[in-house]
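The values are calculated or read from the model by the stated rules, or taken from the named source; none is laboratory data. All values derive from a computational prediction rather than experimental measurement. Cβ placement follows ideal geometry from the backbone for every residue including glycine, while neighbour counts extend to all protein chains displayed.
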Amino acid sequence: MKSHHVELHRRVRRTALMVLLSVAPLAAGCYKQQASDPNAEPAAATRVRVQNQAFLDMTIYVYHGAQRIRLGVANGNSTTRFTVPSNLLFGATPLRFQADPIGSNRQSISEEITVNPGDEVTLTIPPQ
């Protein structure tokens, strides 16, 4: 089976960090939701921008530990933006992203990256 690669770019205040996505098993982990401070200022939205250059539509997920959350569908040959749920982020938070092609079984999942509230993560899915 051929390896399916997806490039991941994370932009924070005009700084880019490239991480290569590949087919990889999900790392098991624990997730404990902490109570939020009602007096704290709301954090800036954290976004995922998916540049899907492939023909197939992709269902995009975010993982926090073993918890998987569906962000939505990124249509083929288009760019789609999603918001990461704020309850997943507690300062610098390690996350993984998964692109699951609709109509195929070749899923890709990123390595764990640290995301801060207000970051924009860009997933680029190359043509197949």
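All of (1) more than 18 Å from A45 (Cα to Cα); (2) of a type outside the set (A, V, I, L, M, F, W, C); (3) outside any strand (DSSP E or B) hold for N87 with one exception: (1).
Of the residues making up the range 98-119, those that are surrounded by fewer than 21 Cβ atoms within 10 Å (Cβ to Cβ) and in a loop (DSSP other than H, G, I, E, B) are I102, G103, S104, N105, R106, Q107, E111, E112, N116, P117, G118.
Among the residues of the range 99-112, those that are in contact (Cβ under 8 Å) with a residue 60 or more places away in the chain and within 16 Å of I69 (Cβ to Cβ) comprise A99, Q107, I109, S110, E112. Name, by its number, the condition in (1) touching a helix residue (DSSP H, G or I) at 6+ places or on another chain (Cβ under 7 Å); (2) at pLDDT 90 or above that does not hold for T83. Here T83 clears every test but (1). Exactly one residue out of G76, G118, G103 is on the phi > 0 side of the Ramachandran plot and modelled with pLDDT of 90 or more: that is G118.
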